[in-house]
Each structure stands twice: as C-alpha cells, then as structure tokens.
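The values are calculated or read from the model by the stated rules, or taken from the named source; none is laboratory data. These numbers were taken from a predicted model, which means no experiment stands behind them. Counting neighbours? That spans all protein chains shown, and the Cβs are built from the backbone with ideal geometry, glycine included. Protein only, heavy atoms only, side chains kept; ligands, DNA and RNA dropped before computing areas. Shrake-Rupley method; radii C 1.70, N 1.55, O 1.52, S 1.80 Å.
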Amino acid sequence: MNNGSIAQPFAHPLYVMLKPAGAQCNLACEYCYYLEKEKLYGNSRRHLMSEELLERFTRQYIEAQTQREVLFTWHGGEALLRPISFYQKAIELQRRYARGHLIDNCIQTNGTLLTDEWCDFFRRNNWLVGLSIDGPEAFHDRYRRTRNGKPTFRKVMDAVSLLNRHGVEWNAMATVNAFNGDYPLEFYHFFKEINCHYIQFTPVVERDAQGQVTDYSVTPKQWGDFLCILFDEWVTKDVGEYFIQLFDATLANWVGVTPGLCSMSGSCGHALVMEFNGDVYSCDHFVSPHHLLGNIHEKSITEMAYSEQQNKFGAMKNGHLPDQCRKCRWLFACHGECPKNRFVSCGEGQPALNYLCDGYRHFFEHVAPHMDFMKAELEADRAPANIMSLPPGSLSL
C-alpha cells in the first residue's frame, strides 16, 4: 500500500469500519465517545467477533464493491485486543474471496499493546497503522490514560519506535481539545520531530447527558485559530512533504473533487460501522438503536448500505442545513461538517448549525487566496507545492 494514498481526495463507494472487539479498550480516554457503546451489549459475555462472522462479512464486503480496490478498516475500542491469529485469518479470507480485487488493510490503535511481533505482521502484510497520539507528553497524557489513571505517552512513543524500526507505514490520529488547542505549533513541530508525515487533526466536540458541551471540548475560536496558525506554518514550508488531512480535504473541495474526509463531504451514508456481533449502523458517530440498519446474519451488507433508511441518513446532511449555511459562501468547503456537531441554533432561530461554524469560517477566509492559487496550479498540471516559492505575504487578502 502506498502511503501517498492518504493525501488523495478519494472516497470509497462503500466503506465499513469493523469493530472486532466492539467498544472494549484497555484505556479510558476522557473524551472517548465510543466506550459507552459497550452498554448496548451489556447482555453479551464476550464482545469478540467470531471467525464465522468474519468470513460472512469478508465475502459480502468484497462482493458489494463497485471498484477494484477494497479497503478493510479495523477499529475499536482497541483493535489489538484481538490476537494476531485473528488478523491472519482475515488475510486468508480476503485472499480466498478477492476474485481479482486489490485489497488493503488499515488498523487504528492506541499503540500501548504494540510489539515486535505485531509490527512484523503489519510490515509483511503491508498494513497501514493509524496511531492515536495527542502530541507532546503533557498534551497526550492530559486525557489519554489507562483505566487506572496512569499516563500512556511513554508507551505510545515506544510504539512509534517499533513502527519506525520495522518500517511499518503509519499516520498520526490526533485530537484537538480544550487543553492542547492553544498550541498548534508545538503540536505540529512534535509530529515533525518524530518524522510523522501524515497527520489527522480531529476536533473534540462532545456533550454531557444534559446536552451541554463538555469542558474538554475545543471551542470554535480555538479550532479556527488552531487551523489558521497551523496552515500558515505548513503552507510556507511543508506542502507536498507533510500531509494534513483537513488541508487535503479543503483543497479537494476547492477543486470540486470528493474529499477523503467524510465530515467535509457533501453527503453522508457511505461509511458504515459493523459491531462485533454483526450489527450494522449508519456511522461510527451514530451507533444507537435509532441508527441500527440490521444485522449481517439477517440482511446483506449491500441491502443495508443502500437501504431507504441509510439513503435518508445520507441525505440528512444536506437536507437539514439551516438557511445560514445555504447562504454561506463557504458551504462548498465544509458542507456543514459532521452532523454530530450540528446542534447550535442560528441567529434566525433555526436549529442544526454546526458548533464549530465560526472557527471554520475564520479558517476558510484565511486560506482562500492560498487555496485559489493551489487550485490554479493543479488545473495547470503543476504542483501545489509551488506556493512555497511565492514571496511572503503575496497572497494576503
């Protein structure tokens, strides 16, 4: 697998995130939105995907694809709570049912369970690893701790060393929260220091049982300022060398190509999630009884993915936009972002405005001249990295 594919504005026609160990995890990160999903299956003794279910899914998933490339994504909870033998079986089944398809695998992990054996497995089979790491030690350990409250940064840095030593392709999956959101350059420089060239920055936006935004959530202003300061550093030094997922997605929307980041796409519904028992839900952020599409033992992946219920879910993203969004000059760039964050009322009183709206508008206004330039370079079949040769300040609004 070519790691350069991470930076490509490409969307899969059908994508299902797998939860081989359900919501089980060896950590208890304070901002994690998925740990509570264990409660959905409180009557199940073992939240582990069976090999029978693995085979059923593998066959159906490959058959449902409309293109040659197929991506299997293993997620959690913590996906490494399953042994290597489980994933060896997955590869065996993928080969059995491939029928000419090109198959890739990626797995997300908190890194604390990585070993030489795991890394050797990933390298030999060309798996991409998404590593959850929230920057320097003080940032990371603020919220990412074990169930006993112990810090995890040192173990994650050991994982980075293991991945690099074995030549495993990996990218960083970092959250931007209330604590680290004021330090974009420290955050970014840390990743450059550990030689991480592919970074996904995700804003933490969570609400408590009363519907109030949590104290650890990033504020709209923090998010906008974070992105602008980070962009200024990246666009003058690192275009084409370091790939930041949100910037790639923004450029994709600027040139009219579907971005690889679903939150910035024009519609939802192409990225489902399957739990350890075969239950399929509309989205990883909407795992609830209301968004249950069915179970793979009773319905096929194709039937659920293209069902009326899922089509309605996909159309909801655009259909529920408030007038403020529809009139916004930057609608093409964010499409209202993720529906899970759309819980604020507009000035006109309409619901469903994105909580981060002010931050995104600030970001788009700031980067517009640079995006226009890079778009023109792409249309002229030239490299967007040419922007770094311009005199400082020449593209200011």
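Computed from the C-beta positions of GLN210 and ASP323, the FRET efficiency with R₀ = 25 Å rounds to 0.35. From the coordinates of this entry, semi-axes √(5λ) of the Cα gyration tensor in Å is computed, and it appears in [x] 32, 25, 23; [y] 32, 27, 18; [z] 43, 22, 20 under the label [x].
Multiplying the residue separation of SER85 and ARG154 by 0.36 nm and removing their Cα-Cα distance gives an extension gain of 22.1 nm. Rounded to the nearest whole Hz, the Karplus-based 3J(HN,Hα) values (6.51 cos²θ - 1.76 cosθ + 1.60, θ = phi - 60°) of region 338-344 follow the sequence 5, x, 5, 9, 9, 10, 9, with x at glycine and proline.
Each of ASN148, ASN177, GLN245 was scored by the projection of its Cα onto the charge dipole of region 140-255, and the greatest displacement toward the positive side belongs to ASN148; charges sit on the C-beta of Lys, Arg, Asp and Glu. For THR146, nonlocal amide neighbours, meaning residues 5 or more places apart or on other chains whose placed amide H falls under 5 Å from its own, are ALA28. Comparing mean-square fluctuations of PHE201, PHE343, PHE313 from a GNM of the chain with C-alpha springs under 10 Å, the top value falls on PHE343. Here's how it looks for PHE243: its modeled amide H is under 5 Å from those of TYR198, ILE199, which are all 5 or more places away or on a different chain. Only DSSP H runs of four or more residues enter the estimate; each adds -39500 (n - 2.57), and after division by the residues of the chain the mean residue ellipticity at 222 nm equals -11000 deg cm²/dmol. For the pair GLU365 and ASN26, the difference between a 0.36 nm per residue extended length and the Cα-Cα distance amounts to 117.9 nm. Each Lys and Arg Cβ is given +1 and each Asp and Glu Cβ -1; about its Cα centre, the chain then shows a dipole of about 800 debye. The convex hull drawn around the Cα atoms of region 91-193, when projected onto a plane and averaged over every direction, covers 8.0 nm². A crude spin-label estimate for the pair ARG382 and GLU63, with each label 7 Å from Cα along the Cβ direction, gives 5.1 nm. A simple spin-label model places the labels of GLU137 and ALA315 5.5 nm from each other, with each point 7 Å out along Cα-to-Cβ.
What angle, in degrees between 0 and 90 and rounded to the nearest 10, separates the Cα long axis of helix 184-193 from the longest principal axis of the Cα atoms of the chain? The answer is roughly 60 degrees.
Looking at the chain alone, DSSP beta bridges between its own residues are antiparallel in about 25 percent of cases. Which angle between 0 and 90 degrees, to the nearest 10, do you get for helix 51-64 versus the longest principal axis of the chain when only C-alpha atoms count? Orientation of helix 51-64: about 50 degrees from the principal axis. Which residues among region 269-302 fall inside the zone where the amide N is under 20 Å from a point 7 Å beyond the Cα of ARG99, along Cα→Cβ? Only 296-302 fall inside the zone, counting backbone N under 20 Å.
Please report, as a whole percent, how much of the solvent-accessible surface of region 88-211 comes from carbon and sulfur atoms (probe radius 1.4 Å). Carbon and sulfur together cover 44 percent of it. Remark: spin-label model distance LYS237-TYR33 equals 3.2 nm, labels positioned 7 Å along the Cα→Cβ axis.
Taking 0.36 nm per intervening residue step and subtracting the Cα-Cα distance, what contour gain separates HIS189 from ARG123 on full extension?
Details: separation 66, 0.36 × 66 = 23.76 nm, distance 2.66 nm.
The HIS189-ARG123 span can extend by a further 21.1 nm.
Please work out the FRET efficiency for the pair LEU113 and GLU52, using the Cβ-Cβ distance as r and a Förster radius of 30 Å; give the result to the nearest 0.05. The calculated FRET efficiency here is 0.75.
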